[in-house]
Structure formats: C-alpha cells, structure tokens
Amino acid sequence: MRDARAAIGALALAALAAAPSPSLAEGDAAQGERLFRPCAACHMIGEGAVHRVGPQLNGLVGRAIGAVAGYEFSDDLVEAGVDGLVWDADALDRFLAGPRDYFPGTRMVFRGIRSEEDRQHLIAYMRDAGGVAGEVVAEADTEAVDPEVAAILGIAGDVPYGEYLANECTACHRAEGGGDIPTIRGLAPSVFIAGLVAYRNGSREHQVMNTVSRRLGDEEIAALAAYFQSSE
Amino acid sequence: MTINRRVFLGTTAAAAATLSAPMIARAQTRARVVVVGGGSGGATAARYIARDGGDAIDVTLIEASRQYYTCYFSNLYLGGFFDLEDTAHSYGRLAGHYGINVIHDWAAGVDRDARTVSLAGGGSVPYDRLVLSPGIDFIPDSVPGWSVNVQDRMPHAYKGGTQAALLRAQLEAMPEGGTFAMVAPPNPYRCPPGPYERISMVAHFLKENNPTAKILIADPKEGYSKQVLFEDGWERHYPGMIERIGPGFGGDNVEVDAEAMTLSIDGVVETVDVCNVIPAQRAGTIAFAAGITDGNWAPVSAYDLSSRVDPNIHVLGDSAAQGAMPKSGFSANSQAKVCANAVVAALTDARQFPARFSNTCWSLIGTEDGVKVGATYEATDEGIVASDTFVSQLGETAEVRAETYRESLDWYEAITTDMFV
Ligand SMILES: Cc1cc2nc3c(=O)[nH]c(=O)nc-3n(C[C@H](O)[C@H](O)[C@H](O)COP(=O)(O)OP(=O)(O)OC[C@H]3O[C@@H](n4cnc5c(N)ncnc54)[C@H](O)[C@@H]3O)c2cc1C
C-alpha cells in the first residue's frame, strides 16, 4: 500500500516537473500570497511551519492527501491518501473550490473559493512558498506545536469542569452534523485547542467564537478538551 | 445562599412527616425537583437536572401543552423560510429517555410553606426545589381596546403555534395594496429584535405577493435592538414600504378597535387590514400566584437563578428579573444550565461551578441576509452583567450575511436538540 502510494506520488511529481500543467503555470504567486491570508488563520507555510488547526502546508503539491506526519486528519482525507490520491493541481483546485463538496467529511471549515483564477494564484503561491513534495524549500517542524497550544496540552484537564463549560457550547454545536456550526466532538485535542487559541488571540476571526473564547483561560480550554475527548 | 445537603434533606423529611404517607417514602429516598413550563428554560432545566442528577433526583415537568411551538423561527415561517411543523417539539424523549415525569396540566398555584404545586386538573405535586420558567403574560389594558378576547382578530403571535398560523393566514388574505399594522411593545419584552425581524419577514412576504401593500409600526420606544441594521436592510430590500411611528409622533399613544379594524395613533384613526398587537409583558401568572414577583417580574440571584423571595424556587427565562440578559430562548437555555448545576449540587454531592452565561440572537432581514448580536455574561451580587459583546456590522458582504443566516439554522437544530433530545 505504502509503495503504491509512493509510486503514484512519484509519478505525479514527475508529471509536474516534466510539464507543469498549464493551469498551474497561470497562477500568480504574489496574488496568491494575499489570497492566503484567510488560510493563515489555520495553516502555516514556509520556514518553521508547524501544524495548527490545519496541517502545515510545506511540500504540499504532489504529496499524498491527508498523509503529512504528526497531524490527525479526518477519515475522508486519510482514506483518499491511502487510496493513492495526491494533491495535484486538479485535486487542489477541486478542494479549494468547495472542500466539503470534494470531501463531505472534511474538518476544514471553509466555504471555498469561487473564482478559478484565485484558486490558481493560491496554488502557485503554495508551490512557491512551501515547495512541491520531496523538494525542500522550507523546513517544517512536524513534531512541534504552537507554544500557546503546547502549554495547554500540558495541563491535565478537569473533566467535570469541562462538562459544565461544554453546556455553553451545546447551545450551538451538536454532537453530530452541522455545516456552518461544525461538530466539535471527535476533534483531536491538539486541533480543538489550536482552534480555540486561534479564536482567542484573534488570528482566526469569527464574532461568536472570538467572544466565546476570550473568556476561556488555559485551564478552561484544557478542561473542555479533556471533556470533549472523554465524551466520545 | 446554599443549604448543606444533609441539613436540607433532614428538614425535608421533617416537613414531610406532617404530610401524607406516600410523600414521606419518596421524599426520604430521592430529592424532588418540579419544573413548571416546558419551554426554552424549563425543558432545558428538566433535561439537565435529570441527566446530571441521575438516580438521586426525581424530576417532574408540568407543561400545559403536549407540543411546544418555538417562537424562534416563527417569524421565518411568516416570511416563508421555515415550516410551522418544524417549530413543533414534543416531550417524548424527556419522558422516555431521561425518566422525567411529564404532566400535561396547568400549574394553578404554589404553596410555598407546604412546598407543593397545585394543578388545575386537581391534585398537587410536592417539591424540594421548584423551577419556574413560564414565559410571559400580557399586561391587561396596556393597549386600549385590545384584550386576549380579541386575539383572533388582532393576533399577538407572541406565543408560539396557532397565533403565528393565524397571522400568516391574515397576511395571505390581505387585499392588494392593503395595510399591515403592528403595535410594538414597550421595554422590557421577550426577544428585543423579534418585532423588527417580524416586520422584515412580513415585508418579504408582501414584496413577493402584494408589492403595493404598506407596513405601519406604532412604537412606544425611542430605539430598539439592531435598529441601524434593520433600517439599512429595509432600505435595501423594501424601500418605501415600511413606516415606523415612534413616541415623538404618537407611537406611544395608540388605541385599537378590533370590531372596526382600526388603529388610532395620537387620535388619528386609520383603517388597517391586519393588526398585529404585541402588548406590554410581565412574568407568567404562576410567578404571581407563587408570590415571588416584585413589579412585573420575579427578581432572582445571578449566581443560581434562585428567587430573592424564596431560595427553594428558581425562576428562569422571560419571567426572571436577572439583570442584563435579554429575554430570549438562548438566554433561558443558558440560565437553565447554571440553575441545573446549582440545583444538582445542592441536592447531591456533585460540584457547583461558577455561573457563566451567554446569548446570541440572530435575525433574518431578507433572503440570506442574516444579522446577529450577542454577549457573554457573568454573575454579580446586583445581577447578571455583560462581560463582552458583539454585533453584526453595516456593510458586511453578502457572503458574511449568508453565513450568519446559515449559522442560525444550525443553532436552531442545536438548541432544540439541547432542550428535547
Ligand atoms: C416572534 C418571536 C421570535 C423570537 N425569536 C427568538 C430567537 O430568534 N432567538 C431566541 O433566543 N429567542 C427568541 N424569542 C424569544 C423566546 O421565544 C423566549 O424568550 C423564550 O422562549 C423564553 O423561554 P421561557 O422558558 O421563559 O418561556 P417559554 O419558552 O415561553 O416557555 C414557557 C412554557 O411554560 C408553559 N406554561 C406557562 N405557565 C404554565 C403553567 N402555569 N402551567 C403549565 N405550563 C405553563 C407554556 O405553555 C410554555 O410552554 C422569540 C420570541 C418571539 C415571540
């Protein structure tokens, strides 16, 4: 299985190297950098990139879907990668157009980018800033997590307190389903914590979640993470 | 004030000794919590107390109706964005899954010394802790000429279900170019943006079905919730259709005649085709019967929603005078969870955590044009106070407004699940 994946990845790479797909060639990385700003609420790319709410995106183009080390992907992405699918230009284009149309079970809460041109700019930017698979243009640190997140991961969460605090969340977040208010059960603790930290420090913007998270201290986020993990 | 559990059960047993035999048996084994009103506050409180109290607490829910029709989204139903049937919820799972004893009857009175609730259908139910979440009632004569006796001609549609259906039917039957009038309520009332979301939805309906019709609002208030957002939206979606007459122009001096279908504003009489009268409001009758009100509402402690008059009674939602939270379904649900934690902690050895509240109210102005306002709150000795607030902005993109609207649909699913599932 692993071999097959590597082989297909290599094929895709070879194709990219030999004849970059015309659509990829069209993208303008400078415009893509501007368009990447909303993505940066969840993703890092470039030197020193670490996983946050979403995985770091170095070496993305040409790599297997949902396979980068140290990040817990949704089943949909993991299965796609295991089946041999890679992030070639077409797959990225489809995903960015409507993440959930492509992978209904994805945890990436993002509506999609309508303009095909903008998607091409973004893909060009990600290729430039993070390199293609196998070619290291920027070092990622797949083991490291954001220090703010790491500090909370180190706290032993108080589960009964977390259960009480979660009562606030269940007014909006259901145990299953929900599109614009996604379910928050079953998120990996690192992803759950990274999400709340990003809302709390404002790097991810959303009026409701910024307000909800601003009054959560580290202890409270740890308690919530421990409860949501235990309640599965 | 919190009562130590042993002392508490001790006094209950002692009090029960003077009462009927079957009650002694029950009171000694399981603490009894009675909840009156199975709406946003009451259904949530019953469900959480039953869930967290386990075998130690016996929960009884007294609710007059077999089905609860949410007021939230009844405006969207008027606008054609939501089905009325989808606003109905039943109590099957609260009874079946949570073991709550659901009694469909009207709670007629409370004997605070004996700690019993009497039922209109006869008999009474004993409690150790009583939770009241009866919503609102209308203040008689607050709109001269209007009373509940004429609510079929001039609907309030401010309690869920049949009244909303009636208002919708009247809207459909309006003559071409006719006038829809609303008498808006004075503060404080349930759902501050509610009347104005309703105007938006009525305007949406009329724009599609009766575009020359007019909307007239007589309003006793200077300003209201999300006013700039509504006015901006009305200008964009329904230019020239809506006229609001504030207190400076007689909006606070109205009278209606349901027989003649007239609305008089500062003595100027106007014949209208639909007249939606939303009267001034006060706590549900049972709060008055229990003798725990001060003025129109029941004052409560912010820490556990216990009545300032009787600490064995908690009051949630619209009926409570709690401080800064708006009277909304979201608020009632939030208060219910704080109350449930306090009640379970008082009756078992579970931990009590500090009170914390939140609220978000979404409103729909036009197709995919949603706005929201919300806050987080904390408890102080004086009452509940806001700690952090937000509100939608003018000039947001259509994409942001559409997202806000879709969020409200997810919220509706989540909150009704949180109450009934
Ligand atoms: C048009 C409109 C739109 C709204 N939109 C929103 C919104 O978008 N978001 C939001 O958060 N809120 C909204 N609200 C407000 C919300 O409906 C109320 O604030 C909320 O329901 C209050 O909850 P409650 O538990 O106090 O009362 P209710 O939910 O009204 O529940 C009271 C229950 O008690 C029962 N009852 C009362 N007295 C007795 C008795 N003596 N014996 C037995 N049963 C009794 C009643 O039958 C009722 O079921 C809206 C309201 C209106 C009118």
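What follows draws every value from the coordinates through simple rules; no lab data is involved. Just so you know, these numbers come straight off a predicted model, no measurement behind them. Here the Cβ is made from the backbone with ideal geometry for all residues, glycine too, and neighbour counts use every protein chain on show.
Per residue of A:177-189, other chain Cβ atoms within 10 Å of the residue Cβ number 3 on average. Under the criterion of Cα pairs below 8 Å and six or more residues apart, the relative contact order for chain B equals 18 percent. Under a 5 Å amide H cut-off, with hydrogens placed 1.01 Å from N, residue B:270 pairs with B:263, B:264, B:265 among residues at least 5 apart or on other chains. A run of chain B free of exposed loop cleavage sites, with GluC sites (Glu not before Pro) counted only in DSSP states other than H, G, I, E and B and at most 16 other beta carbons within 10 Å, reaches its longest extent at B:1-175.
The tail of the calculated P(r) for segment B:105-187, taken as Cα-Cα distances beyond 19 Å, holds 58 percent of the pairs. Whole-Hz Karplus values for segment B:151-160 come out as 5, 7, 8, 10, x, 8, 6, 10, 10, x Hz, taken residue by residue from phi with 6.51 cos²θ - 1.76 cosθ + 1.60 and θ = phi - 60°; glycine and proline positions read x. Residue A:26 sits among other residues whose Cβ lies under 10 Å from its own Cβ, and their net charge, with Lys and Arg +1 and Asp and Glu -1, is -3. Using the Karplus relation 6.51 cos²θ - 1.76 cosθ + 1.60 with θ = phi - 60°, the per-residue 3J(HN,Hα) values for segment B:391-396 come to 8, 4, 9, 5, x, 5 Hz, with x marking Gly and Pro. Full extension of the chain segment joining residue B:51 with residue B:29 gains 6.1 nm, where the gain is 0.36 nm per residue of separation less the Cα-Cα distance. Using a simple spin-label model with pseudo-atoms 7 Å out from Cα toward Cβ, residue A:31 and residue A:151 lie 4.1 nm apart. Label-to-label distance for residue A:101 and residue B:382 is 5.3 nm, based on points extended 7 Å past Cα in the beta-carbon direction.
Between amide H atoms placed 1.01 Å from N, distances below 5 Å from residue B:328 occur with B:191, all of them 5 or more places distant or on a separate chain. Across chain A, Cα pairs under 8 Å and at least six residues apart give a relative contact order of 24 percent.
Remark: the residue B:187-residue B:66 segment gains 40.5 nm on full extension, using 0.36 nm per residue and subtracting the alpha carbon distance.
Over chain B, the ratio between the Cα radius of gyration and 2.2 N^0.38 Å evaluates to 1.02. Here chain A is treated as a sphere whose radius is the Kirkwood value from Cα pairs; by Stokes-Einstein at 4 °C and 1.567 mPa s it diffuses with a coefficient of 70 µm²/s.
Computed log10 I(q)/I(0) for segment B:162-282 at 0.18, 0.19, 0.21, 0.23 Å⁻¹: -0.97, -1.09, -1.35, -1.59, from the Debye equation with unit scatterers placed on every C-alpha and solvent omitted. When chain B is described by a simple charge dipole with +1 on each Lys and Arg Cβ and -1 on each Asp and Glu Cβ, the residue from B:215, B:200, B:109 located farthest towards its positive end is B:109. Computed from phi, the 3J(HN,Hα) profile of segment B:310-315 under the Karplus parametrisation 6.51, -1.76, 1.60 (θ = phi - 60°) reads 9, x, 7, 10, 10, 10 Hz, with x in place of Gly and Pro.
Checking every one of the GluC sites (Glu not before Pro) in segment A:90-182 against DSSP loop status and a limit of 15 other Cβ atoms within 10 Å picks out A:135, A:139, A:176.
The trypsin sites (Lys or Arg not before Pro) of segment B:235-335 that meet both conditions, a loop assignment by DSSP and at most 16 other Cβ atoms within 10 Å of the site Cβ, are B:308.
Given +1 at the Cβ of Lys and Arg, -1 at the Cβ of Asp and Glu and no other charges, the dipole of the protein assembly as shown around its Cα centre is 1720 debye to the nearest 20. Counting every other Cβ atom within 10 Å of each residue's Cβ, B:275, A:172 order from fewest to most as A:172, B:275.
Placing +1 on each Lys and Arg Cβ and -1 on each Asp and Glu Cβ, with no other charges, gives chain B a dipole about its Cα centre of roughly 1640 debye.
Given in Å, the Rg to one decimal and the Dmax to the nearest whole number for the Cα atoms of the protein assembly as shown are 28.3, 93.
Working from Cα pairs under 8 Å separated by at least six residues, relative contact order for segment B:146-279 is 34 percent. Selection among B:375, B:357, B:405 by position relative to the dipole of segment B:292-421 gives B:357 as farthest towards the positive end (Cβ unit charges, Cα centre). Close amide H contacts of residue B:103 (hydrogens built in the peptide plane, cut-off under 5 Å, sequence separation of 5 or more or a different chain): B:61, B:62, B:63.
A helix-only calculation puts the protein assembly as shown at -11500 deg cm²/dmol for mean residue ellipticity at 222 nm, using -39500 (n - 2.57) for each DSSP H run of at least four residues, averaged over all residues.
Within segment A:108-156, list the trypsin sites (Lys or Arg not before Pro) lying in a DSSP loop whose Cβ has at most 13 other Cβ atoms in a 10 Å radius. Filter output for segment A:108-156: A:114.
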